[in-house]
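To start, the structure itself, in structure tokens.
The values are calculated or read from the model by the stated rules, or taken from the named source; none is laboratory data. Owing to the predicted nature of the structure, the values given are computational and were not obtained by experimental measurement. Ideal geometry is used to build each Cβ from the backbone, glycine not excepted, and the neighbour counts take in all protein chains shown.
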Amino acid sequence: MIHKDSKPILEVRGLCATVNGIEILKDLDFTVRSGEVHAIMGPNGSGKSTFAKVLAGHTAYEVTAGSVLFEGNNLFELEPDERARAGVFLAFQYPIEIPGVANSQFLRLSYNTVQAQRGHEELDPLEFDDFVREKMKLLEMSPNFLDRSVNEGFSGGEKKRNEILQMALLDPRLAILDETDSGLDIDALRVVSEGVNQLANKDNAIVLVTHYQRLLNYIVPDFVHVMEAGRIIKTGGKELAVELESRGYDWVGVENKATMALS
Amino acid sequence: MSQVLQNLVNRPYKHGFITDIESDVAPKGLDEDTIRMISAKKSEPDWLLEFRLKSYQAWLKMAEPEWANVHYPKIDLQAISYYAAPKQKPKLNSMDEVDPELLRTFEKLGVPLHERMALAGVAVDVVFDSVSVATTYKAKLAEVGIIFCSMSEAVTEHPELVQKYLGTVVPTGDNYFAALNSAVFTDGSFCFIPKGVKCPMDLSTYFRINTEETGQFERTLIIAEEGASVSYLEGCTAPAFSSNQLHAAVVELVALDNADIKYSTVQNWYAGDEKGVGGVYNFVTKRGLAKGVNSRISWTQVETGSAITWKYPSVILRGDNSVGEFYSVAVTNHLQQADTGTKMIHLGKNTRSTIVSKGISAGRSNNSYRGLVKITPPADGARNYSQCDSMLIGEQSGAHTFPYIQVRNNSAQVEHEASTSKIGEDQLFYFAQRGIDAEAAVSMIINGFCKDVFQQLPMEFAVEATQLLGLKLEGSVG
């Protein structure tokens, strides 16, 4: 929700980034304020996921120009783990499996690490167990998730729920959800979306990276951006997503080219 | 991220220091006179001198084994001194009499002896170089008839037991390094659990190599009589030296009917620096004889140190229904080489063996599992389950598996499972994105990988092993 006391959370200016020497992000501008929900849409290969990973600090991507301020500070001065502790959260499109590491252990270490950073008390295994079980109810997850290895043998839907569970635990300032809707059946999509909606508040912000409009039926964005060839070419309200769904991405590209030709 | 990891890999060896205690060192070189001198120094009986000389003769006819997947310059065995004893009072009645310098060494190692004894209830037979300095809790153990002392003392006090069992599991001419050990061993531990006695506490020995260029030839013998049981812990660390040190120990275990021996090792000898200079050569022969019916021998090892590890703790399953187990974690980093595994020799009926081996290779190291499962014709109904998992860290390390399976009885069931995995950048990124730095991430992944083995360790050892692995590996992904 857009509100008048909002503060800037993310300010991206002229961002360029490459992977293996190929330029993926080209002069990207993007601003997010607290309380807002943004959706970034666009065709395959437009750079949406790259943008998400650059913000999180994945080492495969090199930032070649531009700046990103996170709550007024230079994000690129922070290592990936420092960004996470500062409140940047990325829900992965393909969460990786970590055999042998119990989900409960992983979640607790993550939670306690972030809590320590914030000067809050850490939880012992028993306290954490109560805490995490409460959060799991939100996502209708079975408690046996805790005993399984992180993401190992999880179905696509289970992995995505696990991602949102981590979001719920870490209470990030900025949550970037990379294709969280992909691979979810309609019931799972509803559960995950409700979870996200409950986590949204006036102090944090959510950026949804998605292909399809259907997620936006459940999580209603304040802004919809269309990305193409590494930059945002159109921004609008939630009705833009509906229009994209019916007319396709080509329409924006054509319209955009027409606008540029006029100017 | 890689730079952070690089720095962690290059962390210096934590236990690298040399304790300044005067040593009584024999001149370098090996011949019959050296052996006679060792035997005389220790006032040994004639049968033991003969045992040594016989071993020496056998050894002279043997060649250094070259089949292992390890590469190193030939060891000049004439350049080694075969005896070193710390100069101090020979008999000590309490810890107060121990050289304070020695005690400080243990403090530095994080093994506060008093605390260990008091809190953990562990009897520690401290081997410092080659002579035992203090044996604790001996009186308490003696009450139930357990003998736990140095090998030298056992030779003096209980010669009949030593003579009866020494060399019965690992014969004098067994292999090159075992034969050498049998000829020149200086000291070690002796443990005897009489019939029907369950040892009331874990028995523990801390080994430490301390004199430069002194070969260490420890000899350990553990006997569990009918219905007896014991858990024995061996932990090792060594100071950093620039020249290689040879360690060729022999450990023999004998389990009679219904007896149970559990032998756990955490080994952290100096592995050499990141360029491969220095480090201990660890050529060890460990073997257990599950001699009686329903006997059980279990080896658990966490091998993190040594420049070269050549070690195959084995079980000969002679008694019907006897059980042999081998749980191993072997970690190599930098230029370390490890060729380790086990042999399970099934002779008795319905014998069972389990092998769980976890190899972790980082840096430019090479880690090999080599194991033999042998089911002989009389071993009806024998069963083996083997699981060998390798984990690679970084791009330049190697993992190898050499399983040998010989089955000569149709009723046998043998299973072998193997896997190879890798700690990848994407896993570390996932941890980082959840606020967890590379150190903690690697530690968590490794501990998860080694869980099945760590569960077998006694509690306080499991904690130590976890820390050690963290120290060895944190951030070795490049």
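Quick look at the numbers
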read-out	value
Within segment A:55-70, considering residues that are surrounded by 16 or more Cβ atoms within 10 Å (Cβ to Cβ) and not aliphatic (A, V, I, L, M), the one farthest from the other protein chains (Cβ to nearest Cβ)	A:66
Criterion violated by residue A:73 - all others in (1) away from every other protein chain (no Cβ under 14 Å); (2) closer than 28 Å to residue A:215 by Cα; (3) surrounded by fewer than 21 Cβ atoms within 10 Å (Cβ to Cβ) satisfied	(2)
Yes/no for residue B:467 being closer than 23 Å to residue B:302 by Cα, surrounded by fewer than 24 Cβ atoms within 10 Å (Cβ to Cβ) and away from every other protein chain (no Cβ under 14 Å)	yes
Residues of segment B:288-341 classified as of a type outside the set (Ser, Thr, Tyr), assigned to a loop (DSSP other than H, G, I, E, B), modelled with pLDDT of 95 or more and more than 21 Å from residue B:67 (Cβ to Cβ), total	8
Residues that are of a type outside the set (Lys, Arg) and either exposed (fewer than 15 other Cβ atoms within 10 Å of the Cβ) or under 18 Å from the mean Cα position of the chain (by Cα) (or both), drawn from segment A:1-14	A:1, A:2, A:3, A:5, A:8, A:9, A:10, A:11, A:12, A:14
Unique match (being small (Gly, Ala, Ser), over 18 Å from residue A:200 (Cα atoms), modelled with pLDDT of 95 or more and not in a strand (DSSP E or B)) among A:52, A:17	A:52
Unmet requirement for residue A:144, which otherwise passes all of (1) modelled with pLDDT under 95; (2) assigned to a helix (DSSP H, G or I); (3) within 8 Å of chain B (Cβ to nearest Cβ)	(3)
Among the residues listed as A:197, A:217, the single one being at pLDDT 90 or above, polar (S, T, N, Q) and out of contact with any helix residue (DSSP H, G or I) (no Cβ under 9 Å at 6 or more places or on another chain)	A:197
Hey, residue A:139 crowded, with 20+ Cβ neighbours inside 10 Å, farther than 30 Å from residue B:452 by Cβ and at pLDDT below 95 or not	yes
Flag if residue B:424 is at positive phi and either of a type outside the set (Lys, Arg) or modelled with pLDDT under 90 (or both)	no
Only one of B:413, B:396 that is more than 13 Å from chain A (Cβ to nearest Cβ), more than 21 Å from the chain's Cα centre (by Cα) and under 25 Å from residue B:305 (Cβ atoms)	B:396
Per-region count, segment A:217-243, residues assigned to a loop (DSSP other than H, G, I, E, B) and touching a residue at least 24 places away in the same chain (Cβ under 8 Å)	7
Condition met for residue B:354 (under 22 Å from residue B:233 (Cβ atoms), in a strand (DSSP E or B) and over 14 Å from the mean Cα position of the chain (by Cα))	yes
Residue satisfying condition, being at pLDDT 90 or above and within 13 Å of chain A (Cβ to nearest Cβ), within set B:432, B:382	B:432
Residue B:379 vs. criteria over 20 Å from residue B:469 (Cα atoms), aliphatic (A, V, I, L, M) and buried (at least 22 other Cβ atoms within 10 Å of the Cβ)	yes
Exclusive hit being surrounded by fewer than 21 Cβ atoms within 10 Å (Cβ to Cβ), more than 14 Å from chain B (Cβ to nearest Cβ) and either within 21 Å of residue B:440 (Cβ to Cβ) or touching a residue at least 60 places away in the same chain (Cβ under 8 Å) (or both), set A:158, A:127	A:127
Meets criteria (surrounded by 16 or more Cβ atoms within 10 Å (Cβ to Cβ), of a type outside the set (Val, Ile, Thr), within 14 Å of chain A (Cβ to nearest Cβ) and assigned to a helix (DSSP H, G or I)) for residue B:449	yes
Residues of segment A:184-237 that turn out to be among the aromatic types (Phe, Trp, Tyr) and under 23 Å from residue A:87 (Cβ atoms), as a count	1
Lone qualifier among A:142, A:110 - being among the small types (Gly, Ala, Ser), without any contact (Cβ under 8 Å) to a residue 24 or more places away in the chain and out of contact with any Asp or Glu (no Cβ under 6 Å at 6 or more places or on another chain)	A:142
Unique match (being more than 8 Å from chain B (Cβ to nearest Cβ), surrounded by 20 or more Cβ atoms within 10 Å (Cβ to Cβ), more than 19 Å from residue A:180 (Cα to Cα) and of a type outside the set (A, V, I, L, M, F, W, C)) among A:85, A:108, A:118	A:108
Members of segment B:244-262 found to be part of a strand (DSSP E or B) and touching a helix residue (DSSP H, G or I) at 6+ places or on another chain (Cβ under 9 Å), listed by number	B:246, B:250, B:252, B:254
Test: residue in segment B:182-195 that is basic (Lys, Arg), at pLDDT 95 or above and on the phi < 0 side of the Ramachandran plot	yes
Filter result for residue A:90 (crowded, with 22+ Cβ neighbours inside 10 Å, away from chain B (no Cβ under 13 Å) and touching a residue at least 40 places away in the same chain (Cβ under 8 Å))	no
Conditions (1) touching a residue at least 60 places away in the same chain (Cβ under 8 Å); (2) farther than 30 Å from residue B:282 by Cα; (3) within 14 Å of another protein chain (Cβ to nearest Cβ); number of the one not met by residue B:351	(3)
Counted residues, segment A:10-49 - those being hydroxyl-bearing (Ser, Thr, Tyr), free of Cβ contacts under 8 Å to residues at least 60 places away in the same chain and closer than 24 Å to residue A:86 by Cβ	1
Any hit, segment B:408-427, residues being in a strand (DSSP E or B) and crowded, with 23+ Cβ neighbours inside 10 Å	yes
Any chance residue A:247 is of a type in the set (D, E, K, R), surrounded by fewer than 17 Cβ atoms within 10 Å (Cβ to Cβ) and more than 14 Å from residue A:39 (Cβ to Cβ)	yes
Test: residue in segment B:232-253 that is modelled with pLDDT of 75 or more and out of contact with any strand residue (DSSP E or B) (no Cβ under 6 Å at 6 or more places or on another chain)	no
